[in-house]
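The values are calculated or read from the model by the stated rules, or taken from the named source; none is laboratory data. As the structure is a computational prediction, the values presented were derived from the model and not from experiment. Please note: Cβ atoms are built from the backbone with ideal geometry, for glycine as well, and neighbour counts cover all protein chains shown.
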Amino acid sequence: MVATPMLVKKFPLPLRRFIGDPSNSRLQEAHSEIVRVARATPLGELAASIAHEINQPLGAIVNNGNACLRLLRTKSWSEVREAIAAIVEDANRASGIIARTRAMFNRSAPAKMQLQLQDVVTDALRLAQGDLAENRIIVLTHLGNDLPSVSGDRIQFQEVLLNLMRNAIEAMSQVPDERRVLRLGCQESELNGKPAVLLTVQDRGGGFSPEEAGRVFDAFYTTKPTGMGMGLRSCLSIAEAHGGRLTASLNSDGPGATFRFLLPAVGQHRKRSNHEPN
């Protein structure tokens with residue numbers, strides 16, 4: 001389909017007034033309807049999802065760039081090197097998102113490889129360490145020992161975990177410091193009667209209401225004033241594209257919620273070394 005630009009000239013006065021006045025109620029209604037229709041289409045959902053995904057590494061690049069400027073004034077060279085390395089890593093993440101988008105339109109298969117979910121957790125914790133420290137979050141991990149591999153796109157799995165971690169951080173932003181505990185776990189499980197690996201992300205925030213429970217994964221649904229409502233939707237799409245599942249439930253032993261990211265297992269078990277977190 002080829003779009004042909006429309007050239008409009010010499011509006012009659014009433015039409016010029018309608019278009020030029022943003023406070024006009026009919027214009028606002030028309031704009032709202034356009035937004036509603038765009039959001040209801042797959043293309044609108046796709047565009048919002050891409051914008052949401054790429055905004056995260058770009059935001060991290062800006063933050064690390066500002067950190068570099070501050071550190072250069074103090075000549076903290078080792079910290080400058082760490083910040084620059086983080087900038088390169090986030091730039092590669094953004095590049096990966098663009099490459100996946102191009103591959104999708106070219107109908108190419110996603111780049112999959114065998115990997116360990118525990119390693120994805122380690123990568124994501126490194127990328128999120130600034131947000132975790134700033135929000136005074138205590139992180140407890142139990143990453144298992146001798147878990148099987150999974151097959152998938154490493155960057156997409158990082159995006160899932162980073163989204164879930166940011167969701168947890170925001171959920172705990174209004175609770176006392178002693179409740180700001182984020183638990184991350186990896187363990188063996190089953191999916192449709194076959195071996196699988198389960199990644200859990202548990203927070204001690206306010207949880208969600210029964211009304212919200214059925215909508216947390218809906219596109220454009222958000223309870224945040226500045227949110228797009230695409231984070232959890234993107235996570236669900238990635239899980240399903242890899243033959244997995246993503247579910248959410250309220251904690252049974254206290255406040256907060258737990259998200260469960262379940263993926264089919266492939267390959268052999270790998271025993272973790274004594275130098276890896278657990």
(message) Scan region 129-141 and tell me whether some residue there is surrounded by fewer than 20 Cβ atoms within 10 Å (Cβ to Cβ), among the charged types (D, E, K, R) and closer than 25 Å to Val88 by Cα.
(response) yes
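Here's the yes/no breakdown for (1) among the hydrophobic types (A, V, I, L, M, F, W, C); (2) at pLDDT 90 or above; (3) not assigned by TED's automatic domain parsing to the domain that holds Glu188:
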site	(1), (2), (3)
Asn251	no, no, no
Pro255	no, no, no
Val266	yes, yes, no
Asn278	no, no, yes
(request) Any chance you could count how many residues in region 145-184 are of a type in the set (Gly, Ala, Ser), farther than 20 Å from Gly59 by Cα and surrounded by fewer than 18 Cβ atoms within 10 Å (Cβ to Cβ)? (result) 1
